[in-house]
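K.L.:
Please read through the structure below; I'll follow up with questions.
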Amino acid sequence: MLKAVSIVFAAIPFAFGGIRAVQTGTDVRYLWVALGGMAGRMIAVAVSPRLQRARRPFTVAAAVFILSTGLAVAVGRLLGTMLGPGLLVVAAGFGGCFAASAWFSHLEVSP
């Protein structure tokens with residue numbers, strides 16, 4: 001059950017990106033930003049066992065949030081978006097979704 005909840009949280013940024021792309025017809029920036037955030041999640045989860053012996057869900061989720069948000073901001077900047085509240089809110093929202101996904105994913109494997 002927790003794995004399904006994890007997948008739903010990871011899919012939310014892509015759902016928002018898909019909705020934005022359908023509404024505008026051409027704007028796929030949210031999808032690219034979501035991919036950047038997903039890359040942050042994958043990197044944080046891949047290196048988390050090397051960073052700590054105890055893979056606690058909170059520490060993994062915090063690392064995912066920081067990396068996902070940072071990479072989402074970087075992708076947004078590469079796409080030409082100005083650094084401001086809009087980009088930061090979207091990146092933090094996507095980072096939060098990926099962090100929640102990591103949290104639920106690691107709850108079932110933690111001791």
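The values are calculated or read from the model by the stated rules, or taken from the named source; none is laboratory data. If you're wondering where the values come from, they're calculated on a predicted model, not measured in any experiment. Don't worry about glycine lacking a Cβ; one is built from the backbone with ideal geometry, like all the others, and counts go over all protein chains shown.
K.L.:
Kindly indicate which of 70, 95, 36 is among the small types (Gly, Ala, Ser) and either modelled with pLDDT under 90 or surrounded by fewer than 21 Cβ atoms within 10 Å (Cβ to Cβ) (or both).
P.N.:
70
K.L.:
Okay, moving on. Within the stretch 77-100, how many residues turn out to be more than 10 Å from residue 37 (Cβ to Cβ) and either touching a Gly at 6+ places or on another chain (Cβ under 7 Å) or touching a residue at least 40 places away in the same chain (Cβ under 8 Å) (or both)?
P.N.:
Going through the stretch 77-100 one residue at a time, the tally reaches 4.
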